[in-house]
Amino acid sequence: MENNLFGKSIIGIENFSPEDIRLVLKTAAEMKKIIRGKVKKLTNLKGRAIINLFYEPSTRTRTSFELAGKYLGADVVSINTGTSSIVKGESLRDTLRTVEAMGVDAVVMRHKAEGAADYASKVVKPIIINAGDGAHAHPSQALLDLFTINRAKGRLAGLKVAIVGDILHSRVARSDVFAMTKMGMDVHLAGPKTLLPRFFEFDGVTVHENIEDAIKNADVVNVLRIQLERQQAGLFPSPREYARIFGINEKRLRLAKDDVLILHPGPQNKGLEISNDLTYCENSAIHDQVQNGVAVRMALLDLTLNGGE
């Protein structure tokens, strides 16, 4: 399968073709075998240097990218923005130029500003991998969601996916929508009207204000984190009211197919957007997503830096 990702930055999933997505999923399947093996060390990226530059807090994404690079044999350094020159007022451009001067091959970057990763790819030569820019995009999360679904269901095309929660502020939702529609999936969005952006109303996507309509006969339910830090804007009455009207619980999940797959990008607000018991039920793939995230990020690093050889 031809690799069109070699030497390219990963900014958004909208730039991927269906063939690119299939290549990542196929490569990730091989990488998952390494993760499950006794010796988690390859030489694919031996001699390569990768910087993790995270301007926002992260556990899963940052750690999985760090492990992905190390499992592939690269030298990985994570910059703590709280103890770097960034706190002294150093600009993003200057920080990027500094790590470029150190000879790094790739920068995995998370930034609060939408478009930051695209900007970075234009001002420095190392490959930029977007690990989340504001509410814009999170391409590796979308790819690991597809990988998780494909492993569980054996296919992607034709599956009904309900994405529920704070869609307005979710970079995960945006990337998932682009990825899933490219792969022929039937995407349904649901949440409070104040958290539903209008621009998602296009082919392959149905928007609901009633969560039951979105979940009915769904093959997959992807539950988004309610961003409580935005609650001061009054986007829904109260956490209790949200849980009552839009929270995913066992009763609501009965509307979906019996073998429905439950996803959540984490971290979870248990008892708010999802009940505690569903996190650990047999339909949940939430913890599988964590391991799959390492495999997918290994695939992205290998395909962009090594050509997937």
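The values are calculated or read from the model by the stated rules, or taken from the named source; none is laboratory data. It should be emphasised that the depicted structure is a prediction, and the values quoted were computed from it without experimental measurement. Positions of Cβ are generated from backbone atoms using ideal geometry, with glycine treated the same way; all protein chains shown enter the neighbour counts. Accessible surface areas use protein heavy atoms only, side chains included; no ligands, DNA or RNA. Shrake-Rupley method; radii C 1.70, N 1.55, O 1.52, S 1.80 Å.
Taken as Cα centroids, segment 155-205 and segment 33-99 sit 30 Å apart, rounded to the nearest whole angstrom. Fraction of C-alpha pairs exceeding 24 angstrom in segment 1-142: 30 percent, rounded to a whole number.
Computed from point charges on the beta carbon alone (+1 for Lys and Arg, -1 for Asp and Glu), the dipole magnitude for segment 63-146 about its Cα centre is near 180 Debye.
Distance between the pseudo-spin-label points of residue 113 and residue 249 (7 Å out from Cα toward the beta carbon): 4.4 nm.
Averaging over every viewing direction, what projected area does the convex hull of the Cα atoms of segment 139-286 cover, in nm²? Mind dumping the intermediate values first?
Numbers: hull surface 30.9 nm².
Here the figure is 7.7 nm², rounded to one decimal.
Hey, what number do you get for the chain at 222 nm if only DSSP H runs of n ≥ 4 count, each worth -39500 (n - 2.57), divided across all residues, to the nearest 500? Value at 222 nm, helices only: -11500 deg cm²/dmol. Given R₀ = 41 Å, what would the calculated FRET efficiency be for residue 282 paired with residue 122, taking r from the Cβ atoms and rounding to 0.05? Plugging the Cβ-Cβ distance into 1/(1 + (r/R0)^6) gives 0.30.
Here each label is just a point 7 Å from Cα along the line to Cβ, and for residue 15 and residue 240 those points are 4.8 nm apart. Taking a ≥ b ≥ c as the square roots of the eigenvalues of the Cα gyration tensor of segment 247-297, is the shape rounded (a/c under 1.5), prolate (a/b larger than b/c) or oblate? Oblate shape, in that a/c is at least 1.5 and b/c is the bigger or equal ratio.
In plain terms, the chain is cut at each of the chymotrypsin sites (Phe, Trp or Tyr not before Pro) found in a DSSP loop with at most 12 other Cβ atoms within 10 Å, and the longest leftover piece is 1-201. Solvent exposure of segment 139-286 amounts to 43 Å² per residue of accessible area, where only protein heavy atoms count and the probe is 1.4 Å. Ligands, DNA and RNA left out, the accessible area of the chain computed with a 1.4 Å probe is 48% carbon and sulfur.
Measure up 160/216; 153/251; 70/153; 153/193; 32/70 against 19 Å on the Cα-Cα distance and list the ones that go over. Show your work: numbers first, answer last.
Numbers: 160/216 9 Å; 153/251 23 Å; 70/153 30 Å; 153/193 31 Å; 32/70 14 Å.
Violating the 19 Å Cα-Cα cut-off are 153/251; 70/153; 153/193.
Among 110, 297, 151, the largest mean-square fluctuation in a Gaussian network model of the chain (Cα springs under 10 Å) belongs to 151. Remark: the chain carries a charge dipole of roughly 700 debye about the Cα centre, counting +1 on each Lys and Arg Cβ and -1 on each Asp and Glu Cβ.
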